[in-house]
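Visitor: Structure incoming, see below.
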Amino acid sequence: MEFIKVTPEYKPYIALIELNRPKELNALNLQLMGELRDTLKALDDNDKVRAIIITGNEKAFAAGADIKQMAGKSAVDMLKIDQFSTWDQIRKTKKPLIAAVSGFALGGGCELAMTCDMIIASETAKFGQPEIKIGVMPGAGGTQRLTKAIGKAKAMELVLTGRFISGEEAMQYGLVNKVVPVEMYMYEATKLAEEIAQMSPIAAQLAKESVNRSFETHLDEGLTFERKNFYLTFASEDQTEGMQAFIEKRKPEYKGK
Ligand code: CAA
């Protein structure tokens with residue numbers, strides 16, 4: 001991997017992915033996104049991983065899609081490159097994804113953070129969809145996910161002005177789970193991942209899938225989907241173990257079976 005660093009056994013059951021193009025503020029070029037897609041697929045298939053943290057560095061989570069790579073392209077070039085099929089595959093990651101964001105999370109960087117399931121932000125984080133300032137608009141889900149996360153009025157403001165919001169503001173609007181001092185954001189993200197990694201990975205996968213379904217469907221259909229996944233947890237040994245451990249007043253030992 002050239003543009004990301006992967007630590008599959010960062011902590012027990014937790015993998016860490018670090019975006020690693022620091023000079024370019026982790027601008028998301030096609031190769032980086034391909035590496036991220038392949039890594040997430042491998043981690044999804046790795047039974048020793050139950051939660052994944054994606055981070056950048058203190059200065060930048062990611063400052064967006066690589067403008068220099070896109071600058072000379074025509075609409076037909078962009079259509080043929082089809083960069084968003086990579087994003088679609090990333091979106092389908094089954095394991096819980098936590099974005100640990102410090103510094104710039106702009107354009108595709110904000111969209112990547114929002115593709116994750118939860119965001120822990122440092123006080124220095126800056127979120128925004130500044131594509132409008134370079135004559136385009138968000139293309140990796142920004143108009144949809146931001147609107148669902150923070151509501152129409154604020155999403156319109158960010159998408160139409162390109163202005164940035166701080167981690168604190170992002171927290172107030174419901175975009176991030178927690179905002180902490182910069183020296184704490186990796187610690188908090190790790191703590192959250194550790195809590196999730198203690199759960200049954202089967203239940204976590206089915207629960208994640210069900211929450212995400214709420215964005216894509218009507219309530220009635222969503223409830224049916226949720227119910228089926230709920231029943232499916234009863235096909236796992238982890239369900240027997242979890243309930244038995246509760247009754248026996250002990251800590252459950254989940255095996256992902
Ligand atoms: N693409 C390519 N290169 C980028 C980049 C990007 N998105 N963001 C930063 N860089 C590069 C800069 O060109 C610069 O490279 P050089 O040293 O070779 O000149 C380097 O990273 C450092 O950047 P700056 O000197 O600009 O750093 P700064 O601290 O002065 O400013 C910034 C930081 C405000 C984030 C500024 O870099 C910036 O505005 N970046 C672009 C943000 C943006 O518009 N993102 C949206 C991209 S389009 C998109 O994402 C589409 C989509 O939805 C998929």
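The rows are residues; the columns are (1) more than 16 Å from the ligand (Cβ to nearest atom); (2) of a type in the set (Ser, Thr, Tyr).
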site	(1), (2)
Thr147	no, yes
Glu183	yes, no
Tyr187	yes, yes
Glu195	yes, no
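Visitor: When the stretch 80-93 is examined, which residues are found to be closer than 14 Å to Leu36 by Cα and among the basic types (Lys, Arg)?
Guide: First, the residues of the stretch 80-93 that are closer than 14 Å to Leu36 by Cα: 83-93.
Across the stretch 80-93, the qualifying residues are Arg91, Lys92.
Visitor: Considering only residues that are over 18 Å from the mean Cα position of the chain (by Cα), of a type outside the set (Phe, Trp, Tyr) and in a loop (DSSP other than H, G, I, E, B), which ones fall in the stretch 157-186?
Guide: The answer is Gly162, Arg163, Pro181.
Visitor: Collect the residues in the stretch 110-144 that are more than 10 Å from the ligand (Cβ to nearest atom), assigned to a loop (DSSP other than H, G, I, E, B) and hydrophobic (A, V, I, L, M, F, W, C), keeping them in residue-number order.
Guide: Passing the criteria: Cys116, Ala125.
Visitor: Against the definition (more than 11 Å from the ligand (Cβ to nearest atom) and either under 28 Å from Val136 (Cα atoms) or among the aromatic types (Phe, Trp, Tyr) (or both)), how does Ala75 come out, yes or no?
Guide: When the stated conditions are applied, Ala75 passes them.
Visitor: I'd like to check something: does the stretch 38-52 contain any residue that is in contact with a strand residue (DSSP E or B) (Cβ under 6 Å, 6 or more places away or on another chain), in a strand (DSSP E or B) and at pLDDT 95 or above?
Guide: Residues of the stretch 38-52 in contact with a strand residue (DSSP E or B) (Cβ under 6 Å, 6 or more places away or on another chain): 39, 43, 49, 51-52.
With in a strand (DSSP E or B) added as a condition, the list becomes 51-52.
From what is left, the residues that are at pLDDT 95 or above are 51-52.
Yes, there is a match, as at least one residue in the stretch 38-52 is in contact with a strand residue (DSSP E or B) (Cβ under 6 Å, 6 or more places away or on another chain), in a strand (DSSP E or B) and at pLDDT 95 or above.
Visitor: How many residues, within the stretch 36-83, are of a type in the set (D, E, K, R) and touching a residue at least 60 places away in the same chain (Cβ under 8 Å)?
Guide: 3
The values are calculated or read from the model by the stated rules, or taken from the named source; none is laboratory data. Note that the structure is a prediction, hence the values are computed from the model and not measured. Every residue, glycine as well, gets a Cβ built from its backbone with ideal geometry; the counts of neighbours run over all protein chains shown.
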